[in-house]
Amino acid sequence: MKIKPIDDRVLLETLESEEKKVGNIIIPDTAKEKPQIGKIIAVGNDEDLQKIVKKGDKVVYAKYGGTEIELEGNKYLIVQRSDILGIIE
């Protein structure tokens with residue numbers, strides 16, 4: 001199955017943050033914040049958006065933005081253009 005975002009939306013693969021340690025204490029996964037960095041898998045058909053971001057770009061997105069989906073065992077996020085805060089170069 002394949003997902004193609006429409007309009008001004010982008011399909012992201014969330015990138016896991018590194019394991020956090022404080023001294024000898026390991027912070028459990030349940031206490032970690034969800035990652036806010038993702039890799040673009042697909043871009044919708046909005047021409048202005050396609051000029052700004054492309055497949056493979058790493059971006060920072062809004063903390064509570066987007067819709068989480070799971071497809072074939074992988075977790076993805078569909079976000080609107082306004083939820084993309086910046087491109088990581």
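A short reminder: the numbers here are calculations on the coordinates, not readings from a lab. None of the values given here were measured: they were computed from a predicted structure. No Cβ is skipped: glycine too gets one built from the backbone with ideal geometry, and neighbour counts run over all protein chains shown.
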Within segment 57-81, the residues that are surrounded by fewer than 17 Cβ atoms within 10 Å (Cβ to Cβ), farther than 16 Å from Leu15 by Cβ and among the polar types (S, T, N, Q) are Thr67
Give the residues of segment 43-83 that are in contact with a helix residue (DSSP H, G or I) (Cβ under 8 Å, 6 or more places away or on another chain), assigned to a strand (DSSP E or B) and aliphatic (A, V, I, L, M), sorted by residue number.
-> Val43
